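The structure under discussion appears below in the form of structure tokens.
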Ligand code: HEC
Ligand code: HEC
């Protein structure tokens, strides 16, 4: 799986070079990750077909995007390379894997396509393999953090280095702030209400507020 995913990534990169930017060129300038996530689960319908842990999506028609890019990331492919692979995939679409539904081309265009690609590149394959289901985590705040928060946040006490959201060691949020944020989510951050129980949200908030900055 890992080798196959890297093959696809490298293959697409070579195709891009050969085509001489014929598909619209590489991503440029700044991208709006919040817009990218909104489109991924909304208008662009990516979530209907793809699993992406950070977006909370579980589609199975297309490849699992965490699995697809974890290997590439471990092999040292840069985020911008991954972003361009995703952008190319959005522009070109593809045939069906095994005679099933193909991926339509140009579900989103222009800046929106770039935002989705940047968002996917920022989160795909960054988390731990497959997060265990919340019921197995009990109220171990650190385990919950590692499963559900580490892909996006840096927190030394959990050994995490995510950069999608703020560095929690620097932010040092109060327990109540974490409870509120985790329950309701933010512009980019998913809400965990319904996914984590109130006791689990309290536990992860206590872990964060008591360990941040230490
Ligand atoms: C109707 C279902 C469908 C939708 C909607 C869809 N995809 Fe896909 N996607 C697929 C299928 C099927 C493949 C596998 C194609 C292949 O291997 O030829 C794929 C492949 C991919 C790949 C390549 C993965 C790899 O293993 O290299 C990426 C990246 C991707 N899609 C991203 C997206 C994004 C971003 C969106 C939203 C803009 C999206 N997809 C919307 C079905 C879909
Ligand atoms: C997909 C990435 C992502 C995941 C997963 C994620 N966060 Fe966030 N988090 C963010 C971003 C981005 C922000 C900035 C605010 C926003 O989204 O609007 C943020 C903000 C925060 C804040 C700051 C709130 C404030 O008021 O300043 C806290 C605290 C926080 N997250 C804790 C967590 C915890 C705990 C978890 C796991 C239960 C988690 N986050 C999971 C991306 C994420």
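The values are calculated or read from the model by the stated rules, or taken from the named source; none is laboratory data. Predicted, not measured: the structure shown is a model, and the values here were computed from it. With ideal geometry, Cβ positions are generated from the backbone for all residues, glycine too; neighbour counts draw on all protein chains shown.
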- [ ] State all residues of the stretch 170-207 that are over 21 Å from residue 135 (Cβ atoms) and either surrounded by fewer than 16 Cβ atoms within 10 Å (Cβ to Cβ) or touching a residue at least 60 places away in the same chain (Cβ under 8 Å) (or both); if no residue qualifies, say none.
- [x] 170, 172, 174, 175, 176, 177, 180, 184, 186, 187, 188
Task: Residue among 173, 166 that alone is near ligand 2 (Cβ under 8 Å from one of its atoms), outside the structural domain of residue 86 (by TED's automatic domain parsing), farther than 27 Å from residue 69 by Cα and not in a helix (DSSP H, G or I) - done: 173
Task: Lone unmet requirement of (1) surrounded by fewer than 17 Cβ atoms within 10 Å (Cβ to Cβ); (2) in contact (Cβ under 8 Å) with a residue 12 or more places away in the chain; (3) at negative phi for residue 161 - done: (2)
Open item on the list: Anything in the stretch 35-61 that is within 14 Å of residue 109 (Cα to Cα) and touching a helix residue (DSSP H, G or I) at 6+ places or on another chain (Cβ under 7 Å)? List them, or say none.
Closed with: 35, 36, 39, 40, 44, 46
Task: Qualifying residues in the stretch 189-214 (those that are more than 24 Å from the chain's Cα centre (by Cα) and not in a helix (DSSP H, G or I)) - the one modelled with the highest pLDDT - done: 213
Task: Verdict on residue 150 being away from ligand 1 (no atom under 16 Å from the Cβ), free of Cβ contacts under 8 Å to residues at least 40 places away in the same chain and not in a loop (DSSP other than H, G, I, E, B) - done: no
TODO: Select, from 45, 41, 101, the only residue that is surrounded by fewer than 14 Cβ atoms within 10 Å (Cβ to Cβ) and modelled with pLDDT under 90.
DONE: 101
- [ ] Report yes if some residue within the stretch 178-188 is part of a loop (DSSP other than H, G, I, E, B), within 9 Å of ligand 2 (Cβ to nearest atom) and in contact with a strand residue (DSSP E or B) (Cβ under 7 Å, 6 or more places away or on another chain); otherwise report no.
- [x] no
Task: Evaluation of residue 126 against (1) assigned to a helix (DSSP H, G or I); (2) more than 8 Å from ligand 2 (Cβ to nearest atom) (one fails), failing number - done: (1)
